[in-house]
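A quick write-up on the structure given underneath.
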Ligand SMILES: *Cc1c(COP(=O)(O)O)cnc(C)c1O
């Protein structure tokens, strides 16, 4: 397939669409508003379909294959979610409609708020934030407002562990806080002594991810919360790893005061290019008044069977975080996911996510070094290196995995593991897939010894070979064709 065939299909007179007769009166636009030269492509429908279908196959996604990208929870996105989101009454809503006409949508938002309160053990929820990172920003701004509202103005410091996701320090710094990193101990938990030393009257809050990005449940979560609370700080929970806890533990019960969910991770809404994301935030009772507004409230009417919903701004709200009401389509998908599973089903999601991760970890840990050798939660982190083999890096292993049709694990994160390979299988994979992935990893470990060039040159079977990743990121080329030798 040559470049020109893929990218220059336009030919004068070809068309793939016929516009319907207009249902409004014809109107001549002013001449000077119209461009004389508007080079729109002229292509037939089948050419367009082939073009986009082919392009869609050049990328990897959860609908094509295994995607064990640790921390990101790339689970399968059930198609029933899509069906619900496309229902006319949801898909065609306008955010400025009179609320009398959108009571069904508000009922769904209210129910989702209630579900997320119950799942996390929180007293209030905002559905507004557009991603986990924006949920963090929301949470940290709530921490700030909570302290300043009480006139406690010295608190200028947020603590976080050295295993934290980069968005945690970013959200804290963007909110004007000083960020202090707390080391992890030999078991991968937060080092309590180091934490205690920072717990003073300048402490605004602590951001904890639990299970953390090593895939380990912090064994001292309650002590951490006590230390932080006793110093007057607020506990923020990064809920990106909720896939390990559904129906098993509520962060609110463990001392977490504020937490974001990632609907596009835990609750199976599309991720990455399929987005947009959605990052609702839950808070404990003493922080409910600070939530961004508006939130959906149920009016206390006598007629309990016919509830009426309204939008209300919390009393000391930090303000609005997102236009209108957040990513409503994602709320419909997450609501559908929760309804389809029910409480027992959600618990099973986490049980299988944890089981699958431990199954893979045990298949691989003799051959790959496992720096924190404990029962893992829904993911685990290996070293992508062997001291006795020079020149093999996590990146080589990941690139070679692509030849087996697998998306690579997360590389080089968390930062505290050398050549980190962070593997999260999720609950939606069959045992056959897990076995095939383990076999590929074991074969690659063998090749690292016997045929290292096989790894250095990988991937060998993808449309595009090994890229210079720095160049590719710095000099994006978005509009030209595939390499001349591409033979798809
Ligand atoms: C994904 C992730 C985030 C950020 O969430 P986004 O929805 O991608 O903005 C934060 N922390 C952890 C641990 C994550 O895995």
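Some notes on this structure:
- Every residue from the range 164-185 that is within 16 Å of the ligand (Cβ to nearest atom), in contact with a strand residue (DSSP E or B) (Cβ under 7 Å, 6 or more places away or on another chain) and within 25 Å of residue 279 (Cα to Cα): 164, 165, 168, 169, 172, 173, 179, 181
- Where residue 55 falls short, out of the listed (1) within 30 Å of residue 428 (Cβ to Cβ); (2) assigned to a loop (DSSP other than H, G, I, E, B): (2)
- Among the residues of the range 123-163, those that are within 15 Å of the ligand (Cβ to nearest atom), more than 27 Å from residue 329 (Cβ to Cβ) and surrounded by fewer than 24 Cβ atoms within 10 Å (Cβ to Cβ) comprise 160, 162.
- Criterion (away from the ligand (no atom under 16 Å from the Cβ), without any contact (Cβ under 8 Å) to a residue 40 or more places away in the chain, part of a loop (DSSP other than H, G, I, E, B) and within 30 Å of residue 240 (Cβ to Cβ)) met by exactly one of 37, 63: 63
- Selection count where residues are under 22 Å from residue 295 (Cα atoms) and surrounded by 24 or more Cβ atoms within 10 Å (Cβ to Cβ), scope the range 338-380: 0
- Note on the range 66-94: residues that are part of a loop (DSSP other than H, G, I, E, B) and either free of Cβ contacts under 8 Å to residues at least 60 places away in the same chain or over 22 Å from the mean Cα position of the chain (by Cα) (or both) amount to 5.
- Only one entry in 395, 370 is more than 24 Å from the chain's Cα centre (by Cα) and at pLDDT 95 or above, namely 370.
- Tally, over the range 451-470, of residues that are assigned to a helix (DSSP H, G or I) and over 14 Å from residue 396 (Cβ atoms): 1
- Residue match in the range 436-450 (condition: modelled with pLDDT under 95, closer than 24 Å to residue 73 by Cα and assigned to a helix (DSSP H, G or I)): no
- Filter result for the condition that a residue is more than 21 Å from residue 288 (Cβ to Cβ) and touching a helix residue (DSSP H, G or I) at 6+ places or on another chain (Cβ under 9 Å), over 140, 179: 179
- Among residues of the range 66-84, those that are away from the ligand (no atom under 16 Å from the Cβ) and closer than 18 Å to residue 262 by Cα, counted: 4
- Criterion: under 30 Å from residue 424 (Cα atoms), in contact (Cβ under 8 Å) with a residue 40 or more places away in the chain and touching a strand residue (DSSP E or B) at 6+ places or on another chain (Cβ under 9 Å) - qualifying residue of 279, 329: 279
- Counting only residues that are part of a loop (DSSP other than H, G, I, E, B) and either within 16 Å of the ligand (Cβ to nearest atom) or under 23 Å from the mean Cα position of the chain (by Cα) (or both), the range 95-122 holds 2 of them.
The values are calculated or read from the model by the stated rules, or taken from the named source; none is laboratory data. Note that this is a predicted model, so its numbers are computed, not measured. FYI the Cβ positions are ideal-geometry reconstructions off the backbone, even for glycines, and counts take in every protein chain you see.
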